[in-house]
1. Report, as a whole number in µm² per second, the diffusion coefficient that Stokes-Einstein gives for the range 3-138 at 20 °C and 1.002 mPa s using the Kirkwood radius over alpha carbon pairs.
2. How tilted is helix 112-125 with respect to the longest principal axis of the chain? Cα atoms for both, answer in degrees (0 to 90, nearest 10).
3. Can you give me the C-alpha center-to-center distance between the range 157-215 and the range 94-136, rounded to a whole angstrom?
4. Taking neighbour counts of Cβ atoms within 10 Å as a proxy for exposure, in what order, fewest first, do 70, 160 appear?
5. P(r) for the range 68-215: what percent of alpha-carbon pairs falls in each 10 Å bin, starting at zero?
6. What relative contact order, as a whole-number percentage, does the range 3-138 give when Cα pairs under 8 Å and 6 or more residues apart are counted?
7. Quick one: among 38, 151, 18, which has the greatest mean-square fluctuation in a GNM of the chain with alpha-carbon springs under 10 angstrom?
8. Please compute the alpha carbon radius of gyration of the range 140-212, then divide it by the globular-protein estimate 2.2 N^0.38 Å. Two decimals is fine.
Ligand code: HEC
């Protein structure tokens, strides 16, 4: 393999942030991170995983220099209270994370002081671990935020329903119902923030886009 390719691979983060990651999938990920190409000495830079898998990954990666990065601090949607997110970061670092990837709280975009305050406290909680703030485009990209829960291809994820290929009028109606609180079941709470900022135009565009996707 040529030097450029080796360098690219050595810079990769292998990510496993599905809902259903278990011991096996994390072990397989670590195995691949250590030996992306069989016996070669080449490794990737890091695995990127959920906080609950940090100790396991740490254990499996102990010998070679693959780092453990963790998506934490409320990732992907920082809607839990700050102290809870801070605690999650601390625990991940205590469990051996080398890097914490924390979402920038876009619900605070109109409150810059509060936003900076949050970033400072998550930075502090990271201690000597590398701290990375992740800027998501969900607020303006609109549908990116939906994929976090509804799946990359909008085909549903775990208990979260499929959106791809639903009737556009149905989609639009549901979004209005979430927005005005008429659709208000236990699971509907998760939709509240996603719809809060949507304009009529957004709803129209989302309905058209989502219904155009292959179910
Ligand atoms: C935090 C997770 C989350 C995010 C982000 C999210 N959703 Fe949802 N969504 C849900 C859940 C959970 C349900 C099921 C709600 C229920 O059963 O009442 C749902 C239901 C829906 C439904 C109704 C589907 C049906 O079959 O009735 C639509 C439409 C929808 N979401 C669109 C969106 C759009 C568009 C976005 C992005 C702007 C989005 N969602 C973002 C979790 C989420």
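1. Working: Rh = 15.5 Å.
Estimated via Stokes-Einstein, D reaches 138 µm²/s.
2. On a 0 to 90 degree scale, this one is about 30.
3. Distance between centres, Cα-based: 29 Å.
4. Numbers: 70 31, 160 17.
In increasing order of surrounding Cβ atoms, one gets 160, 70.
5. For the range 68-215, the binned pair fractions read 11, 35, 30, 19, 5, 0 percent.
6. Numbers: 221 pairs, mean separation 25.9, N = 136.
It rounds to 19 percent for the range 3-138.
7. Top of the fluctuation ranking is 38.
8. Working: Rg = 11.1 Å, N = 73, 2.2 N^0.38 = 11.2 Å.
Compactness ratio reported: 0.99.
Taken together, the values in this text are just the output of simple stated rules run on the coordinates, not laboratory data. The structure displayed is predicted, hence computed values, not measured ones. Methodologically, a virtual Cβ is constructed for each residue, glycine included, from the backbone with ideal geometry; neighbour enumeration extends over all protein chains shown.
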